[in-house]
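The values are calculated or read from the model by the stated rules, or taken from the named source; none is laboratory data. Remember, it's a predicted structure, so these values are computed and weren't measured experimentally. Don't worry about glycine lacking a Cβ; one is built from the backbone with ideal geometry, like all the others, and counts go over all protein chains shown. Quick note on the areas: whole protein, heavy atoms, side chains included, nothing else; ligands and nucleic acids left out. Shrake-Rupley method; radii C 1.70, N 1.55, O 1.52, S 1.80 Å.
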Amino acid sequence: MSILVVGSVFIDTIETPHGRAESVLGGAAMYFSIAASFFAPVRMVATVGEDFPKVEMDFLGSRQIDLSGLKVQPGQTGSWSGRYHEDMNQRDTLALDLGVFGNFDPDLPASYRDAPYAFLANIDPKLQSRVLDQLHRPKIVGCDTMNHWINESRGEIEKLLSRVGLLVINDEEARLLSGEHNIVRAARKLLAMGPHRVLIKRGEYGVIQFSADSVFAVPAFPLEEVFDPTGAGDVFAGGLMGQLARSGDTSEAGLRRAIVYGSVMASFCVEDFGPGRLRRLTGEEIEQRYRQFVALTNIEGV
Ligand code: AMP
């Protein structure tokens with residue numbers, strides 16, 4: 001059961017209180033794909049410039065990630081540089097050059113159109129809708145967005161939300177999009193816009209899922225040291241969609257397990273700069289941390 005993802009593949013330079021990493025692989029579609037590829041085959045839709053390092057292309061190709069939708073264009077790969085504060089929930093963008101991503105117009109290869117699972121990572125909501133138009137009856141569609149698009153293209157986001165099942169966004173964006181400060185009220189308003197489930201990412205405080213008749217919350221996995229939170233939200237979405245595709249279980253229980261797998265993947269992501277930890281991760285480590293997570297949140301039996 002393969003998963004389609006559309007989004008950015010960038011080159012990042014990251015500074016955190018723990019150090020600095022220059023020219024590492026970045027972008028939401030990249031983080032999502034690596035995480036999801038531990039669970040199911042991934043079809044990536046993105047664009048990079050001719051300068052994109054061959055070694056990174058080979059790395060992506062070495063996972064179960066289909067790159068026939070990764071368009072290489074004349075010009076530069078998008079690049080982003082950011083610096084995190086001591087409180088790593090806060091960061092400043094120091095530089096952003098969209099490069100060829102600035103004229104990204106996702107066109108899906110015919111072989112991608114029957115993907116049963118799809119994730120529309122944070123890009124122009126008009127493009128997210130265009131991708132959705134090209135898919136033949138997907139089983140589950142998830143999407144993300146960010147404050148820039150909420151401020152610039154609210155109408156387009158509202159159109160998109162009436163067509164997706166899962167909205168995965170962070171708390172700040174949930175407040176901005178709903179106009180409600182309280183997270184529960186915000187989630188209710190977002191559900192009324194169309195998605196069956198709203199998953200609100202709260203950084204080091206974990207994730208809360210809302211549907212019309214249920215609420216489910218998990219903490220973030222407690223870690224002594226967080227090196228770099230870049231991409232953790234996309235990795236969460238990758239683990240979540242990956243587990244849904246691997247299990248085919250989209251019941252409430254299946255969703256809850258997928259949320260825990262997403263949280264497990266995000267906890268690995270933050271342990272090193274960029275996708276460093278994910279590059280060395282094994283399936284056994286994922287299952288082991290999943291079991292630790294279940295024990296961590298076990299309320300009834302010790
Ligand atoms: P996150 O930590 O989830 O916000 O994701 C960070 C990733 O988003 C980084 O790897 C950046 O390369 C990428 N990124 C930064 N700005 C943009 C943008 N305007 N559009 C798409 N991707 C971006």
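List of remarks:
- When His85, His196 are compared by accessible area of protein heavy atoms, the largest-first order is His196, His85, using a 1.4 Å probe.
- Trypsin sites (Lys or Arg not before Pro) restricted to segment 157-195 and DSSP loop, no more than 16 other C-beta within 10 Å: Arg163
- Base-10 log of normalised Debye intensity for segment 173-302 (one unit scatterer per alpha-carbon) at q = 0.11 Å⁻¹: -0.40
- Cα-based reach from Lys159 at 30 Å (exclusive), listing lysines while leaving out same-chain residues under 8 positions away: Lys71, Lys126, Lys139, Lys189, Lys201
- Extended-chain gain in nm, criterion 0.36 nm per residue less alpha-carbon gap, Ala212 and Arg163: 16.0 nm
- GNM top mover of Arg113, Arg257, Arg280 - the chain, alpha-carbon springs below 10 Å: Arg280
- Segment 109-175, relative contact order in percent, only Cα pairs under 8 angstrom and at least six apart counted: 34
- DSSP beta bridges in the chain [antiparallel fraction, %, rounded to 5]: 40
- Solvent exposure of segment 17-96 as accessible area per residue, Å², 1.4 Å probe: 46
- Whole-percent carbon and sulfur share, accessible surface of segment 1-146, 1.4 Å: 47
- Remark: C-alpha extents of the chain on the principal axes read 57, 41, 36 Å, sorted largest to smallest.
- This model, with +1 at the C-beta of Lys and Arg and -1 at the C-beta of Asp and Glu, gives segment 155-302 a dipole about its Cα centre of some 440 debye.
- Only Lys, Arg (+1) and Asp, Glu (-1) charged, at Cβ; segment 224-286 dipole about Cα centre in debye: 260
- Each residue, Arg113 and Glu252, gets one label point 7 Å from its Cα in the Cβ direction; the gap between the two is 3.8 nm.
- Distance between modelled label sites at Glu50 and Glu271, nm, 7 Å Cα→Cβ extension: 4.0
- A simple spin-label model places the labels of Tyr205 and Asp92 2.5 nm from each other, with each point 7 Å out along Cα-to-Cβ.
- Potential lengthening of the chain between Asn151 and Arg20 amounts to 44.1 nm, from the contour at 0.36 nm per residue minus the alpha-carbon distance.
- The chain - percent relative contact order, Cα under 8 Å, separation 6 or more: 18
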